[in-house]
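Asker: Let me begin by handing over the structure; questions about it come next.
The values are calculated or read from the model by the stated rules, or taken from the named source; none is laboratory data. This is a predicted model, so every value here is computed, not measured. Note that we place each Cβ from the backbone using ideal geometry, even for glycine, and neighbour counts take in every protein chain shown.
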Amino acid sequence: MIKRNNLCFYLFLASLVTGCGGYPSIVSLPYDNRGGNINGPATETFPKIAPPYIVFISDRNGTQSVYLYNSQNRRLVDLPGLNFLDAIASSPCISEDGRYIAFVANRNGRSSIYLYDRQTQQRRNLTENLEAEVRNPSISSDGSKLVYEVARNGHWEVTIINPLQ
Amino acid sequence: MKTGFFRWSSRLSLLFLMTSCGFNSSSLAPGSLNGRYNNEQVALSGNGKWLALVTDRSGTPQLSLYNLTEQRFVDLGEINIDGAIAESPSLSRTGRYLVYISSLEGRPDIVLYDRITKRGELLTQGYKGWIRRPQISPDGRYVVFETSRRGQWNIEVLDRGPYIELDVLDGSPVTPPPQ
């Protein structure tokens, strides 16, 4: 007869064995009903991962804004001065060291691409003088290259810039 | 006769190469990467060398890869198969892994394409829920995406496990996976 302790051990072993063969596997992310973490009853979209960070968009506070999650302590990271009260944010992306976040902000029908520096807590409009719709920024690991799409001549064109200059 | 033919054909192919190179570098410079085509869903590799995008330069929108250093498109093999829509691309650090949405018969799945082994892998086989906008981590281990699993859009992360080949830059130290 197998003792209860032994049974637990065998079950544990079995779960280990099945767990090993189980990649790719779903990572368990925190879910908070009050919207204080990565997932909740609101909408979470546009995720980009650069471990330990996940940057994403949520409308949990009434406006569509950028949020940052740190998987090391499983909490949200404050982004002072990044979000607007009167703009719809979308398509965020993050450099690999987590310092730079680029995103689209849409205000009064006008879209702009902003770069936020977590070190200086400053945000800068990268497309201020551009009279065209912009979308989908994508940043390189060190933040020195950024591509985005511009609506020009009736189609979407690719633009490449160094946002740190 | 045979060698003569080969010499001739090799000269011709050389000429062809030269002209095609010249043609490429002038017509596919970043300014004209655009031309009159629609380029959407752009995604940079971590090192900034590769650009994945959906472009209609061949007539229909296709998932394509552009080498920003050499300013040319590279062949993606059989990624754009008949009957499936490939979209929402993303790239790992050096562009080794290309992750995208492949919709066959209307159902979206996440596919990981390894450009070294030239093999594709379905990451969401049997996944319960609708999927949008996947993105791979720079090292290639994690894939984040939007899921409809809870009846609203939330965020989900897939772990490819500690035994995959990570996408590292040349010369970076490599640590063995945990035992």
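Asker: Got a sec? Which strands (runs of 3 or more DSSP E) wholly within the stretch A:65-165 have at least 2 residues that are under 30 Å from A:Ile26 (Cβ atoms)?
Answerer: A:65-70, A:75-77, A:88-94, A:100-107, A:134-139
Asker: Still on this structure, please answer the following. Consider B:Gly35 carefully, then state whether it is modelled with pLDDT of 55 or more, surrounded by 10 or more Cβ atoms within 10 Å (Cβ to Cβ) and more than 17 Å from the chain's Cα centre (by Cα).
Answerer: In short, yes.
Asker: Hey, does the stretch A:76-87 have a residue that's crowded, with 21+ Cβ neighbours inside 10 Å and either closer than 19 Å to B:Pro89 by Cα or within 14 Å of chain B (Cβ to nearest Cβ) (or both)?
Answerer: No: zero hits.
Asker: Out of B:Thr55, B:Thr117, I need the residue that is under 30 Å from A:Asp142 (Cα atoms), among the hydroxyl-bearing types (Ser, Thr, Tyr) and surrounded by fewer than 21 Cβ atoms within 10 Å (Cβ to Cβ). Which one?
Answerer: B:Thr117
Asker: For the stretch A:108-131, state whether one or more residues are within 12 Å of the chain's Cα centre (by Cα), more than 14 Å from chain B (Cβ to nearest Cβ) and surrounded by 13 or more Cβ atoms within 10 Å (Cβ to Cβ).
Answerer: no
Asker: Need pairs with beta-carbon distance below 9 Å; first residue within 11 Å of chain B (Cβ to nearest Cβ) and within the stretch A:30-46, second of a type in the set (Val, Ile, Thr) and part of a loop (DSSP other than H, G, I, E, B); sequence gap 6+ or separate chains.
Answerer: Partner pairs satisfying both residue conditions: A:Pro30/A:Ile38; A:Tyr31/A:Ile38; A:Glu44/A:Ile38.
Asker: Surrounded by fewer than 19 Cβ atoms within 10 Å (Cβ to Cβ) and either among the basic types (Lys, Arg) or in a strand (DSSP E or B) (or both): does that describe A:Ile26?
Answerer: yes
Asker: Could I ask something else about it? Which of the residues spanning the stretch B:56-67 are facing chain A (nearest Cβ under 9 Å) and at pLDDT 95 or above?
Answerer: Answer for the stretch B:56-67, where residues must be facing chain A (nearest Cβ under 9 Å) and at pLDDT 95 or above: just B:Tyr66.
Asker: Please enumerate the residues belonging to the stretch A:133-147 that are of a type outside the set (A, V, I, L, M), closer than 16 Å to B:Lys49 by Cα and either more than 7 Å from chain B (Cβ to nearest Cβ) or surrounded by fewer than 21 Cβ atoms within 10 Å (Cβ to Cβ) (or both).
Answerer: Scanning the stretch A:133-147 gives A:Pro137, A:Ser141, A:Asp142, A:Gly143, A:Ser144.
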